[in-house]
Amino acid sequence: MIASILAIARRYIILFGLIKFCAGLIIGFGLGVYFLPIIIAEKGLSEAELTALSAAADSQKVWRRAFTRDLPESDAFHWGEGRIHLTKDRVWLDGAVSPGPDYRLYLTKDIVRTKEGFETARASAVQTGPIKAFENFSLNTPDSIDISDYGAVLIWCETFSAFITAGEIS
């Protein structure tokens, strides 16, 4: 009798241990997906570098737009805030975007505020480059791109096909 009770108890202890192990793997993987981009992100621009970029841009046309968190598909994990600046040769953000993997900055003809909207407009959108920092980033604009041909800027997560933020260029 005691032997059969011990056998049942051992079986459930092993099963419970296996469930705990699997749950730990799943939780660990999820935390890794979230925190890895934060750990490997490049350092953003300093205040001095932002000031220097703004001063250098004074001699040329600059398009500016504020990113806000109140877009339809922005949430606690997908957002951007701050001021985006575009010149003929550079794009920079004085602000922050939510951390995540494989972010890309796109220029679109018109403002896009949802994932579905971007998937529709993607054929005419142009990618300016990958975003490697989540605060105060800067990207060179390829020579083949004329900023005045586009009406909006958008940040997109390629890995998860997720809309992050967007703003009209003014």
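Restricting the search to strands (runs of 3 or more DSSP E) fully inside segment 58-158 and requiring at least 3 residues that are modelled with pLDDT of 90 or more gives 80-86, 90-97, 103-108, 126-131, 138-140, 152-157. From the residues in segment 48-95 that are among the basic types (Lys, Arg) and under 16 Å from residue 138 (Cβ atoms), which one is surrounded by the fewest Cβ atoms within 10 Å (Cβ to Cβ)? So, considering only residues that are among the basic types (Lys, Arg) and under 16 Å from residue 138 (Cβ atoms), the one surrounded by the fewest Cβ atoms within 10 Å (Cβ to Cβ) is 64.
The values are calculated or read from the model by the stated rules, or taken from the named source; none is laboratory data. Computed from a prediction, not measured in an experiment: that's the story for all the values here. Cβ sites come from the backbone with ideal geometry, for glycine too, and all protein chains shown count toward neighbours.
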